[in-house]
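First up is the structure itself, then whatever we jot down about it.
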Amino acid sequence: MPTPDDIAERLRALPAVDQLINAAPMHDLLARYGRGATLDACRGVLDEYREAIRRGGDAPMPALMHDDIRLRVEAMMRPTLYPV
């Protein structure tokens with residue numbers, strides 16, 4: 001089990017929302033889905049990572065963060081009503 005200092009260090013290793021939203025991989029999502037949806041996805045993914053770290057997990061690599069954000073924003077923007 002990681003020590004509280006280890007957990008704090010891992011949490012500090014996570015990028016800020018501003019860093020994520022302004023990263024080059026996010027430009028396409030911002031153009032396609034808008035700033036609000038992309039920002040919500042960034043915050044949600046970071047919240048999940050923080051919780052995982054508090055449970056003893058490691059901070060993910062930035063490339064994985066971008067993929068998780070993309071998947072989340074695409075799921076959020078997917079239509080939920082289908083013709084019957």
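Across the stretch 16-36, the qualifying residues are those that are surrounded by 15 or more Cβ atoms within 10 Å (Cβ to Cβ) and in contact (Cβ under 8 Å) with a residue 12 or more places away in the chain, and the one among them that is farthest from residue 54 (Cα to Cα) is 33. A residue that is open to solvent by 70 Å² or more (accessible area, probe 1.4 Å), under 14 Å from the mean Cα position of the chain (by Cα) and more than 29 Å from residue 6 (Cα to Cα) occurs nowhere in the stretch 49-56. Every condition in (1) out of contact with any helix residue (DSSP H, G or I) (no Cβ under 6 Å at 6 or more places or on another chain); (2) more than 29 Å from residue 7 (Cα to Cα); (3) not basic (Lys, Arg) is met by residue 24 except one, and the failing one is (2).
Taking residues in the stretch 41-68 that are over 17 Å from residue 24 (Cα atoms), and partners anywhere that are outside any helix (DSSP H, G or I) and acidic (Asp, Glu), the pairs with Cβ atoms closer than 9 Å and at least 6 places apart or on different chains are 52/58. Annotation: of all residues in the stretch 62-84 being aliphatic (A, V, I, L, M) and surrounded by fewer than 10 Cβ atoms within 10 Å (Cβ to Cβ), the one that is farthest from residue 35 (Cα to Cα) is 84.
The values are calculated or read from the model by the stated rules, or taken from the named source; none is laboratory data. Owing to the predicted nature of the structure, the values given are computational and were not obtained by experimental measurement. Glycine also receives a Cβ, built like all others from the backbone with ideal geometry; neighbour counts cover every protein chain displayed. To get the accessible areas, we keep the full protein, side chains included, count just its heavy atoms, and leave off ligands, DNA and RNA. Shrake-Rupley method; radii C 1.70, N 1.55, O 1.52, S 1.80 Å.
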